[in-house]
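Following: one structure in structure tokens, then a few remarks.
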């Protein structure tokens with residue numbers, strides 16, 4: 001319930017609580033994968049729009065979220081709202097945060113190429129700029145093996 005006084009609108013908090021429930025803040029931990037997939041899909045849509053790409057992907061097209069990064073074999077940090085403010089360009093991301101990867105980066109973000117999408121760690125996705133030899137060898141191993149089973 002809300003009421004107005006001379007200083008603005010006061011609320012008992014029920015509207016905020018309803019919105020948090022609606023957007024999954026009070027859902028069980030089993031829904032974390034859903035929230036991560038949703039966040040990754042939004043990142044794809046934001047990137048596609050920013051870069052002028054076409055994307056027709058929907059939530060059902062998103063790959064499953066593995067427990068371990070298939071490239072670096074580190075546990076993925078599964079946390080709701082993991083990207084914080086400034087999402088979409090890597091701000092506030094952890095190295096072990098789930099990140100969307102295209103095995104063949106020449107293929108667009110389209111339904112017909114959804115089998116080209118994988119979830120790997122943010123670190124694995126950004127290694128091109130500052131990788132060690134061991135990390136690069138792990139990336140090569142991942143690429144040679146193809147899709148994780």
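The values are calculated or read from the model by the stated rules, or taken from the named source; none is laboratory data. As the structure is a prediction and not an experimental result, all values here were calculated from the model. Every residue, glycine among them, receives a Cβ derived from its backbone with ideal geometry; neighbour counts consider all protein chains shown.
Contact map, segment 117-142: residues that are more than 17 Å from residue 99 (Cα to Cα) paired with residues that are modelled with pLDDT of 90 or more and exposed (fewer than 12 other Cβ atoms within 10 Å of the Cβ), Cβ distance under 7 Å, separation 6+ or inter-chain. No pairs are found.
Residues in segment 108-126 that are buried (at least 18 other Cβ atoms within 10 Å of the Cβ) and more than 21 Å from residue 78 (Cβ to Cβ): 109, 116.
For segment 106-126, which residues satisfy the criterion of being in a loop (DSSP other than H, G, I, E, B) and in contact with a strand residue (DSSP E or B) (Cβ under 8 Å, 6 or more places away or on another chain)?
Listed by number, the list holds a single entry, 109.
Take segment 92-105 and flag every residue that is under 22 Å from residue 144 (Cβ atoms) and either at pLDDT 95 or above or not in a loop (DSSP other than H, G, I, E, B) (or both). Within segment 92-105, 99, 100, 101, 102 qualify.
Yes or no, residue by residue, for (1) closer than 30 Å to residue 133 by Cα; (2) in contact with a helix residue (DSSP H, G or I) (Cβ under 8 Å, 6 or more places away or on another chain); (3) surrounded by fewer than 15 Cβ atoms within 10 Å (Cβ to Cβ); (4) modelled with pLDDT of 90 or more:
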| residue | (1), (2), (3), (4) |
| --- | --- |
| 19 | no, no, yes, no |
| 26 | no, yes, yes, no |
| 40 | yes, no, no, yes |
| 46 | no, no, yes, yes |
| 55 | no, yes, no, yes |
| 75 | yes, no, yes, yes |
| 87 | yes, yes, no, no |
| 90 | yes, yes, yes, no |
